[in-house]
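Accompanying notes for the structure given below.
The values are calculated or read from the model by the stated rules, or taken from the named source; none is laboratory data. Since we're looking at a predicted model, the values are computed, not measured. Positions of Cβ are backbone-derived with ideal geometry, glycine not excepted, and every protein chain shown enters the neighbour counts.
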Amino acid sequence: MSRIILVRHGQASFLEPNYDKLCPNGEVQSRLLGEYWAARGVSFSHAWSGPCDRQIQTGRIVQAAYRNLGREFPEVAIMNEFDEYPGVAVLRRGLPRLLEASEEIRHLHREFENSVHPSERRRSFQKLFEVVIGRWVSGDLVIAGVESWPAFCARVCSGLAKIANGATAAGDVVVFTSGGPIGVAMQRALNLSHAETLQMTWMSRNASFSEFLASGERFTLSTFNAHPHLDEDSLLTYR
């Protein structure tokens, strides 16, 4: 039996021109995770990351924290299977169509457009984003040339199978990824519906970790959304 730990990336640069990089708070979250594990003697035989900059940065900061404390940490290899779902493309290309067809979407969009304070903009964006992505997950919103939700789930499950088939009982493995792939892992472990899986993706905190046990065809949940290393309110973020 092998233990696979999936880490959600640290807080990214929300509402900045380039979202796909850690903000200063995200860098702190990632460092604290590395220090927490290193201080407790947690070791990994292999480490992987999705291809997003925010995922890669999280892995590198955790690795650096280990090495600064004199602990070994494996080189982090890239696995495209653990990329996040194409939420930006779904929103950019699907929103205009939904604005024409749905009063609910128009209302949520107005709320976001009229929001000023950063916390208000975060909340209003999240409400809009959840509804749009929910339409995509349900199949009501299909966008040509954009990966579908079923294709995304299949991609992540392929990555999980590759890791499980290549892992050994000699050591735990870690994957730095995003909320979407973690939700798919939860779906596989708990046989969740697509709607339930999407709800799980909203619950993952930045720099939290979830543990799964893999043995042959068995894939079971051990821990979800753990964040004992984040002990200040400012470090408890979702986006």
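Listing for the model above:
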quantity	calculated
Criterion (closer than 18 Å to residue 160 by Cβ and more than 19 Å from the chain's Cα centre (by Cα)) met by exactly one of 102, 45	45
Neighbours by Cβ (under 6 Å, 6+ apart or cross-chain): first from the range 80-107, more than 13 Å from residue 129 (Cα to Cα); second of a type in the set (Ser, Thr, Tyr)	81/158; 82/177; 84/178
So residue 78, is it touching a Pro at 6+ places or on another chain (Cβ under 7 Å), among the hydrophobic types (A, V, I, L, M, F, W, C) and in the same structural domain as residue 29 (by TED's automatic domain parsing)	yes
Selection status of residue 156, assigned by TED's automatic domain parsing to the domain that holds residue 189 and part of a helix (DSSP H, G or I)	yes
Single unsatisfied condition, residue 54 versus (1) free of Cβ contacts under 8 Å to residues at least 24 places away in the same chain; (2) touching a Leu at 6+ places or on another chain (Cβ under 7 Å); (3) in the same structural domain as residue 18 (by TED's automatic domain parsing); (4) not β-branched (Val, Ile, Thr)	(1)
Residue match in the range 215-237 (condition: in the same structural domain as residue 42 (by TED's automatic domain parsing), surrounded by 21 or more Cβ atoms within 10 Å (Cβ to Cβ) and either touching a Ser or Thr at 6+ places or on another chain (Cβ under 7 Å) or farther than 29 Å from residue 18 by Cα (or both))	no
The range 155-200, subset among the polar types (S, T, N, Q), within 13 Å of the chain's Cα centre (by Cα) and at pLDDT 95 or above, residue surrounded by the most Cβ atoms within 10 Å (Cβ to Cβ)	177
Unique residue being assigned to a helix (DSSP H, G or I) and acidic (Asp, Glu) when the list is 72, 120, 84, 147	120
Boolean, residue 130 is surrounded by 12 or more Cβ atoms within 10 Å (Cβ to Cβ), assigned to a helix (DSSP H, G or I) and not hydrophobic (A, V, I, L, M, F, W, C)	yes
Index of the failed condition, residue 44 passing every other in (1) touching a helix residue (DSSP H, G or I) at 6+ places or on another chain (Cβ under 8 Å); (2) surrounded by 15 or more Cβ atoms within 10 Å (Cβ to Cβ)	(1)
Subset of the range 205-235 (residues that are in a loop (DSSP other than H, G, I, E, B) and at pLDDT 95 or above)	205, 206, 207, 208, 227, 228, 229, 230
